[in-house]
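The values are calculated or read from the model by the stated rules, or taken from the named source; none is laboratory data. For clarity, every value in this text was computed on a predicted model and none was experimentally measured. Methodologically, a virtual Cβ is constructed for each residue, glycine included, from the backbone with ideal geometry; neighbour enumeration extends over all protein chains shown. Heavy atoms of the whole protein, side chains included, go into the accessibility calculation; ligands, DNA and RNA do not. Shrake-Rupley method; radii C 1.70, N 1.55, O 1.52, S 1.80 Å.
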Amino acid sequence: MGLSEASGRRDTQALLPVTQTMELRNRDYHVERPLMNQQQLEELGHRTLATRTYQWRTWFQCSRARARALLFQYLPVLSWLPRYPLRDWLLGDLLAGLSVAIMQLPQGLAYALLAGLPPVFGLYSSFYPVFVYFLFGTSRHISVGTFAVMSVMVGSVTESLAPDENFLQGVNATVDEVTRDHVRVQLASTLSVLVGLFQVGLGLVRFGFVVTYLSEPLVRGYTTAASVQVFVSQLKYVFGLQLNSHSGPLSLIYTVLEVCSLLPRSVVGTVVTALVSGVVLVLLKLLSDKLHRYLPMPIPGELLTLIGATGISYGVGLKSRFGVDVVGDIPAGLLPPAAPSPQLFASLVGYAFTIAVVGFAIAISLGKIFALRHGYRVDSNQELVALGLSNLIGGIFQCFPVSCSMSRSLVQEGSGGNTQVAGAVSSLFILIIIVKLGELFRDLPKAVLAAAIIVNLKGMLKQFTDIPSLWKSNQMDLLIWLVTFVATILLNLDIGLAIAIVFSLLLVVFRTQLPRYSVLGQVPDTDIYQDVAEYSEAREVPGVKVFRSSATMYFANAELYSDALKKRCGVDVDHLISKKKKWLRKQEQKLKRMQKTLQKQTASSEGTSVSVQVNTNITDVESNNVDDSMARASAGNELEDTTVSGQEDAKAANGSTLKALGLPQPHFHSLVLDLGALSFVDTVCIKSLKNIFRDFREIEVEVYMAACHAPVVSQLEAGHFFDASITKRHLFASVHDAVLFALQHPRSSPASPVSTTKL
């Protein structure tokens, strides 16, 4: 049937009444073709081995077109910026860039505290990486910059390698904040360089697929645990407490216990400031959500709260009168670039790889969501390079590692952003603040920044609702979510992520080791075979057993596959084989005893002498000769009869049947293995399949295979699976082909001619 004819029939059917449509659907479906095994299929389809393409050969080709393609690939801004539609997109990008910058300012200041750094370094991290991503990124809507999860991961590194206890001075054991901040900035910037190197390197070797090992439940469980870490880390600013630095496993638990023990020492002014700021910020967000239809851009709640709190702090004197801790001096201008510290590489390399993977996973997940929504493509490898260059160049200019923010990305998209021009506009706005306006926020209370961070955690903390939804939909995914969350909470962010990845991969292996094994039956009047346990109308074909596994067979589950097959067939295959071999051994021993007896009789006959009288006459001699000849003939006949009898016994033993041995016979004569689920085979799988053929043939059951994919057939050929006893005539194009052949030839060899059959 041609394509135009099929489409015409569908159009006609769409115009028919419902009753006529149902009648068309209820018509019988007939296909007539010859019953086909793998050998005939290859001959009919002219199968040839697929030619291998070596992509690495193109890497060394030099041409003008290739140079241009590489330039556009690694510098995407050159491909889209010359075609930028100014009239259509510029106004939206300007408005989106301003909206994102308004959010970026308070978040940059706040997330720098999460990283354990002075707030101004959050502004630096909101400028350099954003502009670099504008040049190299492929996503048009994500907002690169400071992010809570990344900041708390950096903070765990800086506080563990440069704790406050290392900078105590004087009789009162006060912390030397200047020296401490200098060391932590050096740690964070070096960490950013290492993160950038990892990401660029992985991107250049086309390693963007590494993010596929981070499933959505894993990422959501991890970010939920990270949000709890963020929440706990801000408690010291909310209550105005001085806490000891805790790092490593159970550090979160120790921090919570210490906060609870020091609650009586809380600064009342700090607590009130945090509560009022949080309430105001929540009300502004609720008002923005309610009026978002009528506003060209969201109400900048964080910025308004920061400006109001800074004004009140300056006017009332919160620091001097109530002891509220403030941000302090914010230096104007940009810092000169500084080289990273190579001596710190060894202690930071493990943290850097973890942060690089997590940052890329968050960015590519959001990037693909927006790309799917707006109909364009995001290159995962180029995204790795773009993020890596953002962190690498940012680290040289005293920035800490960054990724993209979900809240800012949603604002950038919702306020009319179309390209990364919005990101460039926001970075330029941040540059103006760094150069001219940053010093205005020196009286900003840190408690206000902590309140802004906690309020913005609402989206990630809402992910706790994944637990009931995953319980209903997929409990294995729920297990991954819970293990990731608990491991990250108890063992910190780096170890928790490693355990989560290992656990999720082991769970995949475990699920392939315990797939669903099914005995298939034919759905009436069709060539479709389904699990008889699920389809009540599916009936097993008499004399033929059809077996299927829901997962591929490989070294980890090959033995389990064989055990499940023998169990589902309802026959104790191993017991029958052992009984048969035991009987054959007895017959062999009996034959050997008979042969020994025969040899003794022959030797005795040859050694017997005939007594003859010397003086006998010729007649007596002739008579004795006749008697001797008769004795020899009798002995010879007995030997021949015994030998023939032994040969017949041996033949009976070698060709013995289960029925002749008195052993129970299987209720089926053929076994069909549905191998449609196989995606690959290894040597263990090939050996297991050969053993299945051998064992079932021992109990007089012929084995066939069906529905193998072409790559699997090629691997079977490469593994020398096919030989004189197992040929491609044992492999059929479909299960129905194999079943029909088994019914037509219940005891014959697959080499028999195949007839045309209607399916």
Order the following by accessible area, largest value first: Phe147, Phe696. Probe radius 1.4 Å; ligands, DNA and RNA are ignored. Phe147, Phe696
Where does the chain land at 222 nm, in deg cm²/dmol rounded to the nearest 500, when only DSSP H runs of n ≥ 4 count, each adding -39500 (n - 2.57), divided by all residues? -20000 deg cm²/dmol
For the chain, what class follows from the C-alpha gyration tensor (a ≥ b ≥ c being the square roots of its eigenvalues): rounded when a/c is under 1.5, otherwise prolate if a/b is larger than b/c, else oblate? prolate
Keeping all protein chains in position, work out how much accessible area Met103 exposes to a 1.4 Å probe, and write it in Å² to the nearest 10. 20
Kindly sort Trp80, Trp471, Trp481 by accessible area of their heavy atoms, largest first, with the probe set to 1.4 Å. Trp471, Trp80, Trp481
Please determine, in degrees from 0 to 90 and to the nearest 10, the orientation of helix 268-290 with respect to the longest principal axis defined by the Cα atoms of the chain, where the helix direction is its Cα long axis. 70
Just the accessible area for Leu98, please: 1.4 Å probe, Å², rounded to the nearest 10? 70
Evaluate the relative contact order of region 80-150 (contact order divided by residue number), counting alpha-carbon pairs under 8 angstrom at least 6 apart; express in whole percent. 26
Using a 10 Å cut-off on Cβ atoms, rank the peptides 489-495, 376-382 from the highest mean neighbour count down. 489-495, 376-382
So, by mean Cβ neighbours within 10 angstrom, what's the order for 284-293, 430-439, 124-133 with the highest one leading? 124-133, 430-439, 284-293
Among the lysines, select those whose C-alpha is under 19 Å from the C-alpha of Lys596, and discard any that sit fewer than 8 residues away in the same chain. Lys586, Lys651
Helix 345-374 versus the longest principal axis of the chain: what angle, 0 to 90°, nearest 10, using Cα atoms? 90
Using Cα pairs closer than 8 Å and at least 6 residues apart in sequence, work out the relative contact order for region 416-526, in percent. 11
Nearest-ten-degree value, helix 735-744 long axis tilted from longest Cα axis of the chain: 10
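Would you please classify the overall shape of region 200-292 from the alpha carbon gyration tensor, given that a ≥ b ≥ c denote the square roots of the eigenvalues, rounded means a/c under 1.5, and beyond that prolate means a/b larger than b/c while oblate covers the rest? Don't skip to the answer; put the middle values down first.
Working: a/c = 3.00, a/b = 1.42, b/c = 2.12.
It comes out oblate by the Cα gyration axes.
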Can you tell me which lysines have their Cα less than 18 Å from the Cα of Lys600? Leave out same-chain residues fewer than eight positions away. Lys590, Lys592
How many percent of DSSP beta bridges within the chain run antiparallel, rounded to 5? 60
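For Val149, Val425, Val509, give me the order by solvent-accessible area with a 1.4 Å probe, most accessible first, ignoring ligands, DNA and RNA. Display every interim value, and only then the final one.
Details: Val149 0, Val425 40, Val509 60 Å².
So, going from the largest accessible area down, we get Val509, Val425, Val149.
Can you tell me, using C-alpha contacts under 8 Å and at least 6 residues apart, the relative contact order of region 226-342 as a whole percent?
The value is 24 percent.
How would you rank 406-418, 271-283, 82-94, highest first, on the average number of other Cβ atoms within 10 Å across their residues? Don't skip to the end; give the middle numbers.
Values: 406-418: 21.3, 271-283: 18.2, 82-94: 12.5.
Top of the packing list down: 406-418, 271-283, 82-94.
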Rounded to the nearest Å, the spacing of the alpha-carbon centers of region 662-692 and region 283-313 is 68
Tell me which lysines have Cα within less than 25 Å of Lys566's Cα, excluding those fewer than 8 residues away on the same chain? Lys545, Lys579, Lys580, Lys581, Lys582, Lys659, Lys687, Lys690, Lys728
